[in-house]
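Structure first, commentary second.
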Amino acid sequence: MTTTRRVALIRRPTGQATPDCFEVGDVELCPLEPGEVRVAVEFISVDAGTRTMLRGEGFHMQVGIGETIRAGGVGRIIESTADDWEVGQAVIGGLGAQTVSTLPASEIRRVDDTLGPLSLHLGVLGGSTGVTAWIGVREVAKPGPGDDFVVSAAAGAVGSIAGQIAKRDGARVIGIAGGAHKTTHLVETLGFDAAIDYKNDDVNAKLRELCPDGVTVFYDNVGGPILDAVLDNLAMRARVVICGALSQYDDMDNVTGPSMYLRLAERQSCMEGFAYFHFPQSFRPATEELAEWVADGSIVLPETVLEGIDRYPEALQFMFEGGNTGKLLVSTMR
Ligand SMILES: NC(=O)c1ccc[n+]([C@@H]2O[C@H](COP(=O)([O-])OP(=O)(O)OC[C@H]3O[C@@H](n4cnc5c(N)ncnc54)[C@H](OP(=O)(O)O)[C@@H]3O)[C@@H](O)[C@H]2O)c1
């Protein structure tokens with residue numbers, strides 16, 4: 001009998017999603033139904049948005065008590081009753097936080113395993129990572145030469161790619177991240193023009209110094225005080241793009257909205273939010289262009305990998321405390 005080792009939600013977090021909210025255990029699997037596949041999961045994507053799925057109600061798909069944590073994953077088919085889906089095929093889909101996933105073949109997609117490690121399809125080429133950044137920059141923010149483009153959570157998965165695309169498109173790019181090791185990484189490895197360490201710098205003062213004529217485009221992943229500091233430093237006719245607000249996800253009943261939003265009126269500026277699934281027509285061009293940049297080595301996204309499914313319960317806390325640089329993944333290897 002095949003088993004899966006899975007991570008279930010046993011308690012809804014109040015505040016941070018700490019390891020005691022989860023239980024890892026082995027579950028026996030039933031024989032496949034017609035049209036199903038069984039996938040040996042290799043990498044599980046850890047996404048900030050997962051925190052909002054643990055609430056019991058809200059915007060994203062929710063996880064019930066006792067249910068497997070929803071997560072994107074990549075792996076290979078180990079058993080199939082579906083026509084045209086062969087054992088060994090590399091696939092991506094909502095495989096969940098577990099070692100073996102059983103699901104209808106209609107819910108997975110083939111991935112090209114010649115492009116690099118399978119984890120690439122959750123990182124640079126992933127819907128909730130590289131593709132989100134591409135859509136946020138190309139379809140919403142639309143930076144170009146002459147723009148001072150500021151991005152928050154800049155050393156994380158989405159922020160790293162968003163900043164690199166804006167730089168390719170001709171903007172001057174400034175990243176905001178926590179810690180000197182991250183600001184050094186943004187400038188020296190990712191090629192950003194400057195970086196602000198929000199844990200040690202006065203963000204407002206630094207923005208005034210680095211962007212004396214004001215920020216023309218802000219790609220925001222965190223909300224809270226950082227959003228306020230950037231709003232306070234907007235140029236005339238600036239664009240603020242809300243990709244996420246992860247500083248608010250631990251307490252969504254008490255979201256702190258921006259107190260500086262009247263700067264939008266003063267500076268004739270606009271604020272626009274988006275979710276990547278609003279732009280299905282962009283998935284293909286985004287993935288193709290990102291794959292070109294991966295192939296020619298002109299885009300960089302480091303991975304932080306927690307080894308073993310038993311480490312998934314600590315993954316969200318690790319992320320929200322800034323443990324990751326680049327894409328955070330859990331591998332199913334021990
Ligand atoms: N709109 C969409 O369709 C869409 C799709 C996917 C993701 N997103 C959003 O994209 C954002 C990034 O998600 P991700 O999965 O790529 O995560 P990530 O950026 O890889 O990781 C989160 C990072 O945020 C920083 N952080 C944590 N708490 C913070 C706080 N209170 N203030 C400032 N920074 C904080 C941490 O780095 P530091 O060390 O710098 O603190 C951490 O490494 C999230 O807001 C997510 O919801 C949106």
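The values are calculated or read from the model by the stated rules, or taken from the named source; none is laboratory data. The model shown is predicted, which means the values in this text are computed figures rather than measured ones. Neighbour counts run over all protein chains shown; Cβ positions are idealised from the backbone, glycine included. Just so you know, the surface numbers come from the protein's heavy atoms only, side chains and all, with ligands and any DNA or RNA stripped out. Shrake-Rupley method; radii C 1.70, N 1.55, O 1.52, S 1.80 Å.
Quick one: would you say Ile92 is of a type in the set (Val, Ile, Thr), within 16 Å of the ligand (Cβ to nearest atom), within 18 Å of Glu314 (Cβ to Cβ) and part of a strand (DSSP E or B)?
no
Counting residues that are touching a Gly at 6+ places or on another chain (Cβ under 9 Å), among the hydroxyl-bearing types (Ser, Thr, Tyr) and in the same structural domain as Ile226 (by TED's automatic domain parsing), which helices (runs of 4 or more DSSP H) fully inside segment 134-211 reach at least 1?
Of the helices (runs of 4 or more DSSP H) lying wholly inside segment 134-211, those with at least 1 residues that are touching a Gly at 6+ places or on another chain (Cβ under 9 Å), among the hydroxyl-bearing types (Ser, Thr, Tyr) and in the same structural domain as Ile226 (by TED's automatic domain parsing) span 157-168, 180-188.
Could you grab me the full set of residues in segment 171-224 that are farther than 17 Å from Ile161 by Cβ and of a type in the set (Ser, Thr, Tyr)?
Thr183, Thr184, Tyr198, Thr216
Report whether or not Val111 is of a type in the set (Val, Ile, Thr), closer than 30 Å to Pro31 by Cβ, at pLDDT 95 or above and open to solvent by less than 40 Å² (accessible area, probe 1.4 Å).
Yes.
Can you tell me how many residues in segment 69-79 are within 20 Å of the chain's Cα centre (by Cα) and open to solvent by less than 40 Å² (accessible area, probe 1.4 Å)?
6
Tell me which residues, restricted to segment 206-231, are among the acidic types (Asp, Glu) and surrounded by fewer than 18 Cβ atoms within 10 Å (Cβ to Cβ).
Hits for segment 206-231 are Glu209, Asp213.
State whether the residues of segment 301-323 include one that is more than 13 Å from the ligand (Cβ to nearest atom), at pLDDT 95 or above, outside any helix (DSSP H, G or I) and of a type in the set (D, E, K, R).
Yes; the residues of segment 301-323 include at least one that is more than 13 Å from the ligand (Cβ to nearest atom), at pLDDT 95 or above, outside any helix (DSSP H, G or I) and of a type in the set (D, E, K, R).
Step by step: first the residues of segment 324-334, then only those that are assigned to a loop (DSSP other than H, G, I, E, B) and of a type in the set (S, T, N, Q), then the one that is farthest from the ligand (Cβ to nearest atom). Which residue is that?
The selected residue is Thr332.
Which residues, taken from segment 241-272, are among the small types (Gly, Ala, Ser), open to solvent by 70 Å² or more (accessible area, probe 1.4 Å) and in contact with an Asp or Glu (Cβ under 9 Å, 6 or more places away or on another chain)?
Ser259
State which residue pairs qualify: first residue in the same structural domain as Gly178 (by TED's automatic domain parsing) and inside segment 246-267, second residue open to solvent by 80 Å² or more (accessible area, probe 1.4 Å) in any location, beta carbons under 7 Å apart, and separation of 6 or more residues or different chains.
Cβ pairs passing all conditions: Gln248/Val255; Gln248/Thr256; Arg267/Met236.
With respect to Ala82, determine if the residue is more than 16 Å from the ligand (Cβ to nearest atom) and either touching a residue at least 40 places away in the same chain (Cβ under 8 Å) or open to solvent by less than 10 Å² (accessible area, probe 1.4 Å) (or both).
When the stated conditions are applied, Ala82 passes them.
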